[in-house]
Amino acid sequence: MPKINETFVRKAAAPALGQKVHYDGEHLGFGLRVTKAGTKSFILNYHLNKRERRFTIGQSPAWSAAAAREKANALRRLIDQGIDPLEERNERREAPTVNDLWDEYQRVHFPTLSPRSQADQRGMWTNFILPELGVVAVRELSSRRIDRLHAKISMNTPTRANRVLEVLRKALNLAIRWEWIEKNPANGFRRNEEHSREKYLTHEEYEKVFSALEIMANQKAANAIRLLILTGARRGEVLSLEWDDLDLTLGIWNRPPHKSKDRKRKRIPLSNNALLLLKGMHDAAEGNFLFPTSKGTHMPDLNRPWRWLRNEVEIPDLRIHDLRHSFASILVSSGETLETIGKLLGHSQHQTTMRYAHLMDDPLRNAANRLAGEVSF
């Protein structure tokens with residue numbers, strides 16, 4: 001048998017029909033396959049578990065004879081250990097990719113999320129994760145590769161980079177559960193420092209806002225903003241409100257799971273002022289949505305009315321979510337407990353409400369001063 005080298009490969013002629021395999025005289029099972037069309041490929045024939053197998057190493061001239069021989073030697077070492085390289089290759093080809101992970105993540109996890117969270121996470125996958133990692137096998141992901149993704153996003157949006165990695169880490173935890181991988185390469189990523197921005201409306205600013213709402217051209221939007229102020233609810237929760245969600249007799253907002261951020265049912269008492277507003281709206285209501293559109297659905301956002309309001313009250317940095325923070329701030333200042341505030345805000349975890357704990361300094365100081373006023377020293 002010949003020794004398969006570059007000279008032999010170059011001179012090997014194409015057969016008249018089918019294909020012909022020339023085996024190497026020095027390396028058992030190593031050979032050159034030549035097809036009728038003249039395609040030349042290096043192969044390795046071997047037996048394992050009473051099965052004959054053929055592994056295609058690669059084509060010439062992309063693979064040199066020397067490189068193919070070296071690869072054949074490496075494959076033979078695996079075979080001697082009882083490892084089937086062809087099975088390994090097939091598993092790699094069939095291994096789920098990050099694209100597959102995204103498909104399964106949507107199917108399994110998205111039903112547990114609110115529509116707004118679904119839209120937000122879909123943007124993270126389509127804009128950041130999939131363009132970089134989509135074709136990569138999940139089991140081939142490394143912490144180094146994921147850290148590079150985090151660093152790339154961090155160049156422009158450091159806080160967003162943290163959120164993207166949190167979502168990817170959640171998906172990879174599911175991949176562990178599905179036995180795609182054994183450990184999560186996104187664990188322990190170094191978060192970018194985040195500086196929370198919280199604005200609380202003062203009494204004077206509240207007066208400006210309510211005065212501006214009286215003259216707002218879009219009174220439907222004005223009522224939505226009033227309700228945001230009086231309930232501390234999230235924008236999406238208010239805009240998607242239906243009259244079926246409200247018990248105006250008992251003064252209760254029964255929030256169904258699909259309208260809650262954490263997908264849990266909530267029963268939230270309404271204030272007298274909120275009830276007064278809602279009863280006035282109910283008298284003139286048409287349809288089941290509190291804030292309907294001509295298309296038969298609810299208002300999608302408050303962008304234009306909100307821009308007008310900020311300009312009118314001259315608070316350019318005011319965000320809609322600041323109304324929620326201000327709601328909590330007023331309750332804290334009046335001495336309400338964090339547990340009560342958390343229930344009114346619809347928090348499912350006490351830790352979420354703890355962000356307002358620092359606002360309790362003044363009520364606690366006042367309480368301490370009352371004690372000091374009773375004790376002489």
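The values are calculated or read from the model by the stated rules, or taken from the named source; none is laboratory data. Predicted model only: the values in this text are computed from it and were never measured. Every residue, glycine as well, gets a Cβ built from its backbone with ideal geometry; the counts of neighbours run over all protein chains shown. Note: accessible area is taken over every heavy atom of the protein model, side chains too, but ligands, DNA and RNA are not part of it. Shrake-Rupley method; radii C 1.70, N 1.55, O 1.52, S 1.80 Å.
Before moving on, here are some points about what is shown:
- Of all residues making up the stretch 123-139, the number that are free of Cβ contacts under 8 Å to residues at least 24 places away in the same chain and surrounded by 14 or more Cβ atoms within 10 Å (Cβ to Cβ): 1
- For first residues located in the stretch 30-46 and among the small types (Gly, Ala, Ser), partners that are open to solvent by 20 Å² or more (accessible area, probe 1.4 Å) and not in a strand (DSSP E or B) and lie 6+ apart or on another chain with Cβ distances below 6 Å form the pairs Gly38/Ala14.
- Elements of the type helices (runs of 4 or more DSSP H) sitting completely within the stretch 118-189 and holding at least 3 residues that are in contact with a Phe, Trp or Tyr (Cβ under 7 Å, 6 or more places away or on another chain): these cover 143-154, 158-177.
- Listed by position, the strands (runs of 3 or more DSSP E) inside the stretch 1-93 whose residues that are of a type in the set (Lys, Arg) number at least 2 are 51-59.
- So Lys220, is it under 15 Å from Arg324 (Cβ atoms), open to solvent by 20 Å² or more (accessible area, probe 1.4 Å), in contact (Cβ under 8 Å) with a residue 60 or more places away in the chain and not acidic (Asp, Glu): no
- Taking the criterion of being touching a residue at least 12 places away in the same chain (Cβ under 8 Å) and open to solvent by less than 70 Å² (accessible area, probe 1.4 Å), the residues of the stretch 1-12 that qualify are Pro2, Ile4, Asn5, Phe8, Val9, Ala12.
- Residue that is surrounded by the most Cβ atoms within 10 Å (Cβ to Cβ) [pool: residues in the stretch 23-80 that are in contact with a Ser or Thr (Cβ under 9 Å, 6 or more places away or on another chain) and among the aromatic types (Phe, Trp, Tyr)]: Phe42
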